[in-house]
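The values are calculated or read from the model by the stated rules, or taken from the named source; none is laboratory data. From a predicted model like this one, the values you see are computed outputs, not experimental measurements. All Cβ positions, even for glycine, are placed from backbone atoms using ideal geometry, and neighbour counts span all protein chains on display.
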Amino acid sequence: MKPVAMMLVGNEADLVAPAIDTALAQNIDAFVIVETGSLDATADVLRRYFGDPRFDITFLPHDIVYSPTPPHPSTIWQGMIKRAKARFAADWVLRIDADEFLIVPGGDLKTVCARAR
């Protein structure tokens, strides 16, 4: 059982690390994260995870995200799902936001996902 979280984050420097820590505590195995050209320190926070094999992080340039023809969010999400499956062999792909904190009553997330199969 391999749950992988995917997060699309932007200008959430104060939230992204606590959200990741909470998900790790609930037994998430890996993360696919796309940072959307933040103007705050979100990218700096995410760089702390470089080198950790549980993380696949992409940084989109601000001028592309905020251009007249930005990438459509559904296209970004589809790419993230593909990476979660290809890189991490995800059994479950969970979309979470930086302002969402996983709390799983009755066990950790991996146990709950295994029971749901």
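Could you please find all residues in the stretch 41-77 being assigned to a helix (DSSP H, G or I) and either over 13 Å from the mean Cα position of the chain (by Cα) or over 30 Å from A116 (Cβ atoms) (or both)?
First, pick out the residues of the stretch 41-77 that are assigned to a helix (DSSP H, G or I): 42-47, 62-65, 73-77.
Correct list: T42, A43, D44, V45, R47, H62, D63, I64, V65, P73, S74, T75.
A single member of I103, I28 is outside any helix (DSSP H, G or I), at pLDDT below 90 and not aromatic (F, W, Y), and it is I103.
Consider T22 carefully, then state whether it is among the polar types (S, T, N, Q) and either in a strand (DSSP E or B) or touching a Phe, Trp or Tyr at 6+ places or on another chain (Cβ under 7 Å) (or both). It is true that T22 is among the polar types (S, T, N, Q) and either in a strand (DSSP E or B) or touching a Phe, Trp or Tyr at 6+ places or on another chain (Cβ under 7 Å) (or both). Only residues that are exposed (fewer than 11 other Cβ atoms within 10 Å of the Cβ), over 17 Å from G10 (Cα atoms) and of a type outside the set (S, T, N, Q): list them for the stretch 53-85, please. Once the filter is applied, which keeps residues that are exposed (fewer than 11 other Cβ atoms within 10 Å of the Cβ), over 17 Å from G10 (Cα atoms) and of a type outside the set (S, T, N, Q), the stretch 53-85 yields P53, P68. Counting the residues of the stretch 92-112 that are touching a residue at least 24 places away in the same chain (Cβ under 8 Å) and either touching a Lys or Arg at 6+ places or on another chain (Cβ under 9 Å) or aliphatic (A, V, I, L, M) (or both) gives 10.
For the residues T22, T42, the requirement of being among the β-branched types (V, I, T) and under 24 Å from D63 (Cβ atoms) singles out T42. A Cβ distance below 6 Å, combined with a sequence gap of six or more or placement on separate chains, defines the contacts here; from the stretch 23-39, residues that are touching a residue at least 24 places away in the same chain (Cβ under 8 Å) and hydroxyl-bearing (S, T, Y) reach residues that are surrounded by fewer than 22 Cβ atoms within 10 Å (Cβ to Cβ) and part of a loop (DSSP other than H, G, I, E, B) in the pairs T36/G10; S38/G10; S38/N11.
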